[in-house]
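Worksheet: one structure, shown below.
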Amino acid sequence: MLSSKQRAQLRGFANDLPTILQVGKGGVTDTVYRQADEALTARELIKLRVLENAPVTAREAAEEIAARVSADVVQVIGTRAVLFRANKESSFAI
């Protein structure tokens, strides 16, 4: 669980991140979970986008993915969400 200061710091880091994961009309599938897990292992902090034709909202998708891959939801704004999962050798000083 992240504190509000940690969450604020991660939101700052996420401003410049590109969106690397998209949830489309198929919703949150096993492929999305796998891609999110691999991306979090490699980067720790990822930004995802939920397309307009997706059957879930950005909040629902972010919480569902975070629960499945043991990550924290940092922020959800509109159709975008930011997820964080610390690695053993964390590159973020939070």
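The values are calculated or read from the model by the stated rules, or taken from the named source; none is laboratory data. Note that the structure is predicted; figures quoted are calculated from it, not measured. Quick reminder, even Gly has a Cβ in these numbers, built from the backbone with ideal geometry, and neighbours come from all protein chains shown. SASA here: full protein model, heavy atoms, side chains in, ligands and nucleic acids out. Shrake-Rupley method; radii C 1.70, N 1.55, O 1.52, S 1.80 Å.
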task = State all residues of region 33-60 that are open to solvent by less than 80 Å² (accessible area, probe 1.4 Å) and touching a Gly at 6+ places or on another chain (Cβ under 8 Å); if no residue qualifies, say none.
result = LEU51, ALA54, VAL56, ALA58
Residue count for region 20-72, restricted to those that are among the small types (Gly, Ala, Ser) and outside any loop (DSSP other than H, G, I, E, B) = 8
Top-ranked residue of region 78-93 - restricted to ones that are modelled with pLDDT under 95 and open to solvent by 70 Å² or more (accessible area, probe 1.4 Å), ranked as nearest to THR19 (Cα to Cα) = SER91
ask   = Out of the residues in region 12-49 that are free of Cβ contacts under 8 Å to residues at least 24 places away in the same chain and acidic (Asp, Glu), which is farthest from VAL82 (Cα to Cα)?
value = ASP30
query = Looking at this structure, is GLN75 under 10 Å from the mean Cα position of the chain (by Cα), among the polar types (S, T, N, Q), surrounded by 14 or more Cβ atoms within 10 Å (Cβ to Cβ) and farther than 11 Å from ARG85 by Cβ?
reply = yes
